[in-house]
Amino acid sequence: MSNCSPPMQQMALDIGLAPVPTLQSFVPLGNEAALAHLQLWTANPLRSPVPTCLWGDSGSGKTHLLRAVRQALQAQGGRVGWLDASTQSLDEFDDGWDAVLLDDCQRFDIEQQAVAFNWFVNAQSPAHGRARWVLAAADRPPADLPLREDLRTRLGWGHVFQLHALGEAERRSVLRRAADERGVFLSDEVMDYMLTRFARDLASLMQLLQQLDAYALRTQRAVTIPLIKSMLDGA
């Protein structure tokens, strides 16, 4: 099956169908250690800020976790520096940040790599009063990243977790069980539609199911493909 994102997936993302990612909404099957590490740190941001790097294939939940960490810190009144491959405005390091988050590191261009290195060094330097946490994500282990040597080696300094995406059968099983728990019947046709037209990582699918359940209750209709299309049209 092609990894290209079909038009409906992009549409769903553009209209903001999914709620803000949270650590609580991440389904940790196979990734329990990584989630526990992030929960422990966000519960106490002043703990020793050893750098952390998450890596894994597309759909394993890397970006979801980084955004969830950002949301958790901001909910506590914290501030973070965020850099991903689409970032256009490359800011200087800010002493007011509580953490530095680097997403899609494998796609950083030369300028972004320079900024990421500067942020990393400043975040970890006690000269700035206290060290800050650096959380990074990429599609491969730090040692294999196509980055400048000084940045690549630093990304592998601390904790490194590989994230594992669920297989097709596992995604279907978890999604079916979650729907059953909500009292929602998902036909095979609807399941196929959800898995081919929307983001395929489990956290996004769970968020989609939550939206569908709420919309179905509000409209007093069963969850069908026409209902999904109607929800998107009215979003």
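For region 87-100, backbone phi angles converted through the Karplus equation (6.51, -1.76, 1.60; θ = phi - 60°) give residue-by-residue couplings of 5, 9, 8, 9, 7, 6, 4, 10, 4, x, 6, 9, 7, 10 Hz, Gly and Pro being listed as x. To the nearest 10 degrees, how steeply does helix 188-197 sit against the main Cα axis of the chain, on a 0 to 90 scale? The angle comes out near 30 degrees. For Val80, nonlocal amide neighbours, meaning residues 5 or more places apart or on other chains whose placed amide H falls under 5 Å from its own, are Asp98.
Helix 225-234 axis versus longest C-alpha principal axis of the chain: approximately 60°, rounded to the nearest ten. Only Cα pairs under 8 Å and 6+ residues apart enter the sum, and on that basis the relative contact order of region 22-77 stands at 56 percent. What separates the Cα centres of region 115-162 and region 71-100 is a distance of 14 Å.
Using the per-residue mean of other Cβ atoms lying within 10 Å as a proxy for protection, in what order, highest first, do the peptides 175-183, 190-198, 131-139, 29-37 fall?
Values: 175-183: 14.2, 190-198: 18.0, 131-139: 23.4, 29-37: 15.8.
Ranked by mean Cβ neighbours within 10 Å, highest first: 131-139, 190-198, 29-37, 175-183.
Backbone amide hydrogens, once placed in the peptide plane, bring Val160 within less than 5 Å of Cys53, excluding anything fewer than 5 places away on its chain. With respect to the chain, whose longest principal axis is taken over its alpha-carbon atoms, helix 32-43 is tilted by about 60°. Pair-distance distribution P(r) for region 20-69, from all Cα-Cα distances in 5 Å bins starting at 0: 4, 19, 34, 26, 13, 3, 0 percent.
The fewest-to-most ranking of Cys105, Cys53 by surrounding Cβ atoms within 10 Å reads Cys53, Cys105.
Coordinate-derived values only; no laboratory data. Just so it is clear, the structure is predicted and the values come from calculations on it, not from any experiment. Note: ideal-geometry Cβ built from the backbone for every residue, glycine included; neighbour counts use all protein chains shown.
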